[in-house]
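These notes are about the structure you will find just below.
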Amino acid sequence: IQHYVPCKITVPSIPYLRWWMVDRMVDLWEFWVGRFFINSPLLNVVYILMGADIAMSAQLNGFVREFDLITIGSYASLQYKSLKARRFNSWNRSEVGPKLVLRPIVIGPKSQVRGMLSPGVVVGKSSVVEKLAVVPEGGQIEDRVSVAGNPAVMTGRAPIVRETTWWIMAFLKIIWLLTEFYIFSVIVLSVAWLIEFLLPSVF
């Protein structure tokens with residue numbers, strides 16, 4: 001079984017092709033299935049099974065890539081649409097091709113991430129990354145601070161974040177998804193029955 005590890009991968013290579021194929025499959029899963037799991041414990045379970053270190057109490061309102069390189073603490077909140085632990089290096093003429101760089105990302109407990117995190121970023125406990133903020137590669141955010149801007153800079157102390165019961169609404173969402181699936185299944189089976197038994201045969 002292959003795992004994501006911190007490394008540099010040359011683009012025209014077999015390791016890059018493996019990464020690309022998995023990334024495309026995950027992209028299809030996000031479009032067709034994952035979007036129904038957003039902001040529910042099911043998304044946490046999927047990523048934990050894929051190798052991410054994500055607390056079940058973390059609130060995920062976005063997707064995660066390079067699962068083994070992602071750590072999200074308890075009661076943290078990810079509000080950014082996609083958390084990716086990768087970037088492409090600039091391409092020097094002397095090189096065969098550009099390099100794909102993989103680095104871990106750590107989000108501390110009770111932190112709120114509304115902006116973009118680059119690879120190698122560590123967000124401290126109870127910190128806030130404001131909307132539209134971009135934390136540059138390798139950035140270290142201290143505990144209980146708020147950052148904003150591009151590149152992100154400290155703008156003050158973050159408010160105390162209390163443990164929330166968001167998962168109660170999330171479980172209700174799961175129940176509603178199951179209800180929708182049941183209704184859709186009944187409709188499909190009813191249409192199949194109508195076609196088979198009520199419509200006159202053309203043969």
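Remarks
- Search result, residues across the range 2-27 that are closer than 29 Å to GLY73 by Cβ, open to solvent by 90 Å² or more (accessible area, probe 1.4 Å) and not in a strand (DSSP E or B): GLN2, HIS3, MET25
- Under the condition of being touching an Asp or Glu at 6+ places or on another chain (Cβ under 7 Å) and either in contact (Cβ under 8 Å) with a residue 40 or more places away in the chain or among the hydroxyl-bearing types (Ser, Thr, Tyr) (or both), the residues counted in the range 38-71 number 3.
- Screening PHE88 against (1) modelled with pLDDT of 95 or more; (2) under 23 Å from MET25 (Cα atoms) leaves a single unmet condition, (1).
- Tally, over the range 148-188, of residues that are at pLDDT 90 or above, more than 23 Å from VAL122 (Cβ to Cβ) and open to solvent by 100 Å² or more (accessible area, probe 1.4 Å): 0
The values are calculated or read from the model by the stated rules, or taken from the named source; none is laboratory data. Remember, predicted model here, so these are calculated numbers, not experimental data. When we count neighbours, we look across all protein chains shown, and the Cβ atoms used for this are built from the backbone with ideal geometry, even at glycine. Areas reflect the complete protein model, heavy atoms only, side chains present, ligands, DNA and RNA absent. Shrake-Rupley method; radii C 1.70, N 1.55, O 1.52, S 1.80 Å.
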